[in-house]
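These notes concern the structure reproduced below.
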Amino acid sequence: FSLLVTKALFGLDPSGWHATDLALHTGAAVLLLAALVRATGDPLRSALVAGLFALHPLRVESVAWASERRDVMCVFFWMAAVLAHVRYAERPSRWRGAAVLAASTVALLSKSMAVTLPASLLLLDVWPLGRIRIDAGVREAWIGLRPCLREKLPLFALAAAVAAVTFYAQREVGAMHGVDPLPPAIRLQNAAVSTVEYARRFLWPADLVFFYPFDARTLTPLRVGGAAVGLALGALLAVRARRSAPAVTVGLLWYAGTLLPVIGLVQVGSQASADRYTYLPSIGLALAIAWALPDSLLATPLRRRITVSIGIAWLALLGFLTARQVTFWRDGDALYGRALAVDPANAVAHYELGRLRVAQGRVPDAGAHLEKGARGMPRSADAQADLGAALGAVGRTAEAERAFARALEIAPRSVGARLGLGRLLVE
């Protein structure tokens, strides 16, 4: 519906589409800032979290990719639900509860990743709202948890229904895997590595690209073992900080919990990871960092000025890196070229660049990229069929016929492969 409205208002003028996405993203940052200031009473730390959310280069994929509107819409209404929940916690009422439910519903309708929203609101009940105590015994925690859980039962029911529908739909359209079905052990290893890798990109956003191909050969014992150690240290920190720094515990749990639906335990597509999956989880890391700063850094006016100056410099650097990352999304040549500059073996980038060359009428240039793409995606019928079309267009008919045949072996009902092979045989 949102895309239809944008089309009616702006047609296919990209400026209107990008302005709408940017407005939603900015609105989400403002709502996050308002919710944190209202709940914590700490405007400086709240501003740091909102700034890290708004200006980080990891946001570029979600905001600059026009058809990824669901990301920015989901997060906008997610933040609206958070602010509504903060107001509800201050003074519970039927209307304030209805506002939480309404915002949560629209977030779920925008993107199924919002299934973790009810659990995230429970984390906020722990900190900063203080409705659930985890620094005392189990009995005290349960006393606070029970009413908070009861009020969120409609949200959990709605999230469960959306999760079931999404799982069924993804399976029916064949999106549960992009290559061969991955064994559970491989998916688990990739999930562990990706969880640590996302945190690395948040702290050091280098070599960001539009697609990170999955390659089981990169899951070496050293890399998987290092990820396991990192996750264990993070879990230990979350447990140890629950009394002295509950914000750190909540931040780390927010990061892990919101990442769970997209971490790859249920494989959707052929990517190992994706920057857009960090849209919500990175807020948890920002919370943990902002509230891990000792109060002594803000104790005197001089220290406060120094700390604020460092924070502004950090955000300015992120803003510069974000502006640079946006330039890679200006067109297909820049986007795919950037991916190949980072990883010359990126099969998806080769494939997409080859398709772009065909659309530009540069069919001879497309062949080499399509061949590399098909070689790197041997189970993709589309890659094989597009390769066949490009080879046929430059007179390499025998190779084109073999490519179409491979496509039909993979997907016997592929309309594109059948039409391509039919045209080739007619010619």
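The values are calculated or read from the model by the stated rules, or taken from the named source; none is laboratory data. These numbers come from a predicted model, not from an experiment. Ideal geometry is used to build each Cβ from the backbone, glycine not excepted, and the neighbour counts take in all protein chains shown. Side chains are part of the model used for accessible areas, which takes the heavy atoms of the whole protein and leaves out ligands, DNA and RNA. Shrake-Rupley method; radii C 1.70, N 1.55, O 1.52, S 1.80 Å.
Things worth noting here:
- Helix 381-393 and the long axis of the chain differ in direction by around 40°, with both axes built from C-alpha atoms.
- Compared with the dominant Cα axis of the chain, that is its longest principal axis, helix 301-327 is turned about 20°.
- Between Val266 and Arg243, full extension at 0.36 nm per residue minus the direct alpha carbon distance yields a gain of 4.9 nm.
- Note on segment 315-332 and segment 367-381: Cα centroid distance 29 Å, given to the nearest whole angstrom.
- The label-point distance for Glu90 and Leu149, in a model that sets each label 7 Å from Cα toward Cβ, rounds to 2.9 nm.
- The Ala398 and Leu3 beta-carbon pair, evaluated with R₀ = 45 Å, returns a calculated FRET efficiency of approximately 0.55.
- Partners for Lys152 among lysines (Cα-Cα distance below 27 Å; same-chain residues under 8 apart left out): Lys111
- Listed peptides 104-117, 369-382, 13-26 by packing density, highest first (mean Cβ within 10 Å): 104-117, 369-382, 13-26
- Ranked packing of 28-37, 396-405, most packed first, by mean Cβ within 10 Å: 28-37, 396-405
- Counted charge near Leu3, where neighbours are those whose Cβ lies closer than 10 Å (Asp, Glu -1; Lys, Arg +1): +3
- Scoring 45-51, 385-391, 150-156 by mean Cβ neighbours within 10 Å over their residues and listing the highest first yields 385-391, 45-51, 150-156.
- Charge context of Ala81, other residues only, Cβ under 12 angstrom, K/R +1, D/E -1: +3
- For the chain: accessible area per residue (Å², 1.4 Å): 50
- Solvent accessible area, Å² - Arg187, 1.4 Å probe, full protein context: 50
- Helix 221-244 axis, angle to the chain major axis (alpha carbon atoms, nearest 10°): 20
- Surface composition of the chain: carbon and sulfur make up 66 percent of the accessible area, probe 1.4 Å.
- Length-normalised contact order of the chain in % [C-alpha pairs under 8 Å, at least 6 apart]: 15
- Rel. contact order, % - alpha carbon contacts under 8 angstrom, at least six apart, segment 175-321: 32
- Span from the segment 396-427 Cα centroid across to the segment 271-291 one, whole angstrom: 43
- Residue separation of Arg38 and Ser15 scaled by 0.36 nm, minus their Cα-Cα distance, works out to 4.9 nm of gained length.
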